1. Counting only other residues whose beta carbon sits under 13 Å from that of A268, what net charge do I get with K and R as +1, D and E as -1?
2. Consider a paramagnetic label point 7 Å from the Cα of E349 along Cα→Cβ; state which residues of the range 393-410 have an amide N under 16 Å from it.
3. By the scheme Lys and Arg +1, Asp and Glu -1, what is the net charge of all other residues having a beta-carbon under 14 Å from that of G455?
4. In the chain, what percentage of the DSSP-assigned beta bridges are antiparallel, given to the nearest 5?
5. Can you give the extra length, in nm with one decimal, that the chain gains between D296 and S108 once fully stretched, where that is 0.36 nm per residue apart less the Cα-Cα distance?
6. Placing +1 at every Lys and Arg Cβ and -1 at every Asp and Glu Cβ, with all other atoms neutral, what dipole size does the range 175-214 have around its Cα centre, in debye to the nearest 20?
7. When only C-alpha pairs under 8 Å and at least 6 residues apart count, what is the relative contact order of the chain, in percent?
8. Per the helix-only calculation at 222 nm, which mean residue ellipticity applies to the chain, given -39500 (n - 2.57) for every DSSP H run of n ≥ 4 and division by its residues, nearest 500 deg cm²/dmol?
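Values in this text are rule-based calculations from the coordinates and carry no lab data. Because the structure is predicted, anything quoted here is derived from the model rather than measured. A quick note on method: Cβ atoms are made from the backbone with ideal geometry, for glycine too, and the neighbour counts reach across all protein chains shown.
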Amino acid sequence: MKNDNKTIRSFITVFAAFLAIIMTFSACSPSGEEENSIETEVPAEVTEIPVVVTEMPLETAEPHAVKENAMGFTVDENGTVLLAGKPFYGFGVNVFTLVTREVESGTSDYKKQLDFLKEQGISFVRINFGGYWPSYYEAFDNDPEAVLGTLRKIVDYAEEVHVGLVCSLLWHDASLPTHVGEKRSAMGDPNSKTVKYAKEYVTTVVREFVDSPAIWAWEIGNEYNLDADLCDPEAEIWLPAGFGLEDNADGFDYYTSEEMSTFLAEVAAAIRAVDPDRMISSGNSELRPFSKAMHDAGLTMDPKTHVWNVAWDMDSDDDFLFMNSLSAPNPIDCISFHLQLCSENADGEPVYTASLPRFGRDVLPVQYFRAYVKTAKQLKKATFFGEFGDYLALENDERTPEEFAKLLARIREAGIQIACSWQFTGNKLYVTDEGVDGEKLNLIKAANDELAAEGKQDTEGYWSRY
């Protein structure tokens, strides 16, 4: 989740809803009352999403032999997530500040957090395995051994308490280009300082921890696709806050999804060169409802100014498949998406999302989840629901535990194997058992216990090997 992308998300949600009203003949009332109703059955106008056969060039996963004793999550030739050679199903949580707090202040909070999560039956967590601001890379350049030593403490303790780590290596898309003195569009140039630094950095970090059984997967960044293909010719909006970009902004401060794909492929290749087995995720959020139109508009960019005009036409099923392929270039072997099913109605009031305007029609959340699973299978890749369950605007609503329980059931019903809750009351970025967070953790534990009883989550078998 990017706090500075919340405005973008709100705009996109509203715009998508507007387009859906124009493009579909829906019997649903657009009123706030109808939007706020709790879904109990499939409305007649909500249709299933088909498997797509497309003539557009797609990049399916490269087959690679996974060692029998491979550590962490691996992905087989069918896109199945494995742990110790067995299909794995489970719910984890996001612990955004597990590393950042320790790097910045040395609080040892990571021990309390990991102990607590272990007690809650959480077998793996998704973490920012580095920093948020350019200052982190400055600290790394000044004393890499000190920073790696801090990371080592956390990895070693996770190994001690048997909690797996999904490590996001380059969290914010603006940090690294800012650190090396380039614009964000430099991500699209394999010879740029940005790409070269990224590859050298991840190579160092992955090599340091490749032999730890606590590392379950590598992730490149966080939601880079939400900034891709956005461009303001006046360079006044859609710029991340806090990085000083607005002081000297121009078209090169924006990047296209093609440039993002180049960066992801280059960094993923650097990871795979050191670690031939573990799952690699882009860390992307869900695709925008009009991602292909935005991508195509980016192709019209003026190379002299790096400026283009954004397009907002709704994606088709075919577009969805193409854009997922582009957003997860090889050797990335899973399709990542994030989705928070909470929005605003016409009166600006928070409501639970009962359906989503996608592909020129309304689809239910479980159908949208299935679309990701089907698309990933077509690409022979896994599916990772990296962030779900953030009801910040509704965390005091009495229905939230019920809605969260239904969400867990929908994720399982859709066939998603691994998913992580965004688990922070009041966006405090600290996992607790207080309030709705505690109720959500209880529900996650119950789901994980059920999966373990079904033989779908054999973490004891994994850790017994080490």
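1. Computed value for this residue: -2.
2. Those under the cut-off are 393-400.
3. Value of the local net charge: -3.
4. 30 percent
5. In short, 63.0 nm is gained.
6. For the range 175-214, the charge dipole is close to 200 debye.
7. Relative CO of the chain lands at 22 percent.
8. -12000 deg cm²/dmol
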